[in-house]
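A short worksheet on the structure shown next.
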Amino acid sequence: MKKTAFWKQALVSAVLIGGAVLAWQNRDALRTFWTSATAPDQRQTETEAQGPGTPVIVAEVRFVQDDLAFSAIGTGFALRSVTLRAPSSGEVTALEIAPGARFAAGDTLMQLDDTDERLAVALAEARLSRATSERDRYQALQDTGAAATARFEQAQTDFKVARIELDQARADLARRTLRAPFDGVTGLASVETGDRIATDETVSSFDDRSRILVEFDLPEALLGRVEIGQPVTASTPAVEDRSFDGEITAIDSRVDVATRTARIRAAIDNAADILRPGASFSLRIDLPGKTYPAVPELALQFSRGELNLWRVSGGTAEQVTVRLVRRREGLVLVDGPLAEGDHIVVEGTQRLREGAPVNVLNTATDGSS
């Protein structure tokens, strides 16, 4: 075997070492050259894998009802509530009023001294009896022609006056008794037996607590969602760990110009007599709304004062102008010409143009996850 001369081996080694040193010193330039040489092949491979058109990710449009849960604080009132006042002045001889005592309409609550009034009734009854006898006697004489017409007319007048006086005496006697105006319960009395009181002096409160009315304010923007009979749920600090069902019974005919709210009244059944007038109530009302298309927030674009999104139709991009209604749980409710199941672009929107072909990379979902 022929051996290579030593000087040749030394020359080859020197060339190899020099080339390695030169390559190391210019390694960045060589890397750039290599990348530029292989990039067209890589881009071609990616394009062939993606297919024609702009690559996008889409989601399906679904329709969602724009329901709202409205909460408010209101004050409770009795179904019927009055302040009992003395019907006339005098001494209190009997008092049945006690806190929480129940009475039926017409029951006696307070009695004033009525001695003079009873005597006046008895006197008026006697006068009426005499006037009745006189009228009847002159009526009989008038039929026979033995009595003058003027005397008969006077007897009739005396009879009418006596009857009016009796009615007046009985009314005065009735005003000596304070009676329950309807079925209800009394509160604390402000007088005692033996007190002398004046006409219209406050005696006590009187409430019909069979139902509690709760009034609260509703913004005018929600008035269209409220109607009579709509259910409400209420709770009060006066009764812990319980909620009560009720319904809307009245809607005010005006909107307050200062607050832009309307007064709403709800009624809560209180047959168990647990709730009290004057208590504060926290109410919740589920307000139904219209049905709108729901799309992911990523799908929306704001441009030139308009809110737009891209819909994939026939493999091409179509821009749709919509109006924002409400944000809800990662979705946006919009109002626009969209249909259930439409494919909306959520990623890749920046490169889209009207009518441009698109390449959908995923299986469309509703985008809610």
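Structure notes:
- Alpha-carbon centroids, segment 88-129 and segment 282-330: separation in whole Å: 73 Å
- Taken per residue, the accessible surface of segment 247-369 reaches 56 Å², heavy atoms only and a 1.4 Å probe.
- Protein accessible area in segment 281-336, 1.4 Å probe - carbon and sulfur %: 44 percent
- Compared with the rule-of-thumb size 2.2 N^0.38 Å for a compact globular protein, segment 158-218 has a Cα radius of gyration ratio of 1.77.
- Förster radius 56 Å - calculated FRET efficiency between THR233 and THR363, Cβ distance, rounded to 0.05: 0.85
- Estimated FRET transfer efficiency when R0 is 25 angstrom, pair LEU173-THR132 (beta carbons, to 0.05): 0.75
- Modelled spin labels at THR259 and GLU347, positioned 7 Å past Cα toward Cβ, are 4.9 nm from each other.
- Segment 80-203 - percent of accessible surface contributed by carbon and sulfur, probe 1.4 Å: 48 percent
- Radius 15 Å from Cβ of ALA120, net charge of other residues (Lys, Arg +1; Asp, Glu -1): -2
- Put a dot 7 Å past the Cα of ALA69, heading toward its Cβ, do the same for GLU125, and the two dots end up 6.8 nm apart.
The values are calculated or read from the model by the stated rules, or taken from the named source; none is laboratory data. Just so you know, these numbers come straight off a predicted model, no measurement behind them. Backbone-built Cβ (ideal geometry, glycine too); neighbour counts: all protein chains shown. Calculation scope for accessible area: heavy atoms of the full protein, side chains included, ligands and nucleic acids excluded. Shrake-Rupley method; radii C 1.70, N 1.55, O 1.52, S 1.80 Å.
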